[in-house]
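Throughout, read-outs are computed from the coordinates displayed, never taken from laboratory work. Quick caveat: nothing in here was measured; it's all calculated off a predicted structure. We place every Cβ from the backbone using ideal geometry, glycine too, and count neighbours over all the protein chains shown.
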Amino acid sequence: MKYSKQGDKSYKLTVNPHIKNPVCPLCKIPGSNVFFSDRHRDYFQCRTCCLIFVPPDQFLSADDEKAEYDLHENIPGDPAYRRFLNRLFTPIQERIQANSRGLDFGSGPGPTLSLMFEESGYLMEIYDKFYAKNSQALEKQYDFITATEVVEHLHNPEKTLARLWGCLKTSGWFGIMTKLAIGKKAFAQWHYKNDLTHVCFFSRRTFAWLAGRWQADLVLLDKDVILFNKPKITDIL
Ligand SMILES: [Zn+2]
């Protein structure tokens with residue numbers, strides 16, 4: 001199925017009969033089932049890691065994707081936005097040392113979480129595919145990495161998450177915020193899937209699978225805050 005833009009926020013669908021069993025973009029293991037379809041897209045679910053994903057030929061173009069992000073009004077001084085980010089800021093801050101170095105990945109058009117850490121004395125870098133394409137930031141090592149409302153946008157989550165995990169020092173913390181998918185019935189009513197820039201939907205089971213791959217400790221806080229703690233080599237042996 002493909003859609004083409006027909007004026008503002010309207011898409012016309014054409015069915016692509018070749019999409020039957022797309023390879024999971026997270027674990028890369030073949031074997032996925034159609035999970036759900038709506039008038040815009042198909043959603044598959046991986047039988048191994050349980051990721052729910054949209055096949056690549058149904059992604060928005062880069063221009064249309066950026067146009068959607070340009071509409072996001074994330075103002076660094078907005079108290080409500082800071083309260084939202086505090087739900088990740090606080091648990092990360094409780095777990096890191098003073099003077100830790102951090103990376104906010106996917107910092108968006110109005111970087112705010114990185115400012116909150118800087119205001120508390122931490123050294124921060126930011127990276128964003130559209131707004132801060134600073135590749136050098138992905139060559140460094142960090143004590144903590146954050147990604148708020150980012151992983152649901154990843155076109156190649158296996159590659160991107162592996163890259164970020166490689167930038168994290170041992171004993172470091174990786175904090176994610178994303179809404180968690182639950183059952184099929186709830187998915188049908190879920191507003192989160194209606195944002196056409198959202199192409200990956202994680203669940204508790206998917207994050208548990210990822211923690212197993214990384215041999216990391218997983219902490220699930222609240223309904224959409226996920227922390228991974230990178231083990232020391234001696235913890236693994
Ligand atoms: Zn998978």
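Any of 169/223; 129/230; 140/193; 184/230 with alpha carbons more than 29 Å apart? Name them for me.
140/193; 184/230
Of 171, 32, how do they rank once you tally other Cβ atoms within 10 Å and put the fewest first?
Arranged by neighbour count, lowest to highest, 171, 32 become 171, 32.
Only helical DSSP H runs with n ≥ 4 go in: add -39500 (n - 2.57) per run for the chain, normalise by residue count and round the 222 nm mean residue ellipticity to 500 deg cm²/dmol.
Taken over the chain, the calculation gives -7000 deg cm²/dmol.
Grab the beta carbon distance between residue 72 and residue 185, set R0 = 25 Å, and tell me the FRET efficiency rounded to 0.05.
E(calc), rounded to 0.05, equals 0.30.
Hey, how many Å between the Cα centroid of segment 177-237 and the Cα centroid of segment 143-167?
Cα centroid of segment 177-237 versus Cα centroid of segment 143-167: 12 Å apart.
In nm, to one decimal, how far is the residue 213 label point from the residue 97 one, both placed 7 Å along Cα→Cβ?
In this crude label model, residue 213 to residue 97 measures out at 3.0 nm.
How large is ³J(HN,Hα), in whole Hz, for each residue of segment 27-38 in order, when computed from phi with the Karplus curve 6.51 cos²θ - 1.76 cosθ + 1.60 and θ = phi - 60°, using x for Gly and Pro?
The phi angles translate into 9, 6, 9, x, x, 9, 10, 5, 9, 6, 9, 10 Hz.
Name the residues whose placed amide hydrogens come within less than 5 Å of the amide hydrogen of residue 142, ignoring near sequence neighbours (fewer than 5 apart) on the same chain.
Close amide H contacts, sequence-distant or interchain: 168, 169.
Show the residues, 5+ positions off or on another chain, whose built amide H is closer than 5 Å to the amide H of residue 23.
Amide H neighbours of residue 23: none.
Quick check of the Kirkwood formula: for the chain, what is the inverse mean of 1/r over all pairs of different Cα atoms, in Å?
18.7 Å
Once you sort the root eigenvalues of the Cα gyration tensor of segment 126-237 as a ≥ b ≥ c, which label holds: rounded (a/c under 1.5), prolate (a/b larger than b/c) or oblate (the other case)?
Verdict is oblate for segment 126-237.
If you average over every viewing direction, what projected area does the convex hull of the Cα atoms of segment 29-134 give, in nm²?
For segment 29-134, the mean projected area of the Cα convex hull comes to 9.4 nm².
Tell me, what HN-Hα J-couplings in whole Hz come from the Karplus equation 6.51 cos²θ - 1.76 cosθ + 1.60 at θ = phi - 60° for each residue of segment 127-139, using x for Gly and Pro?
Residue by residue, segment 127-139 yields 9, 8, 4, 9, 10, 8, 7, 9, 4, 4, 4, 8, 9 Hz.
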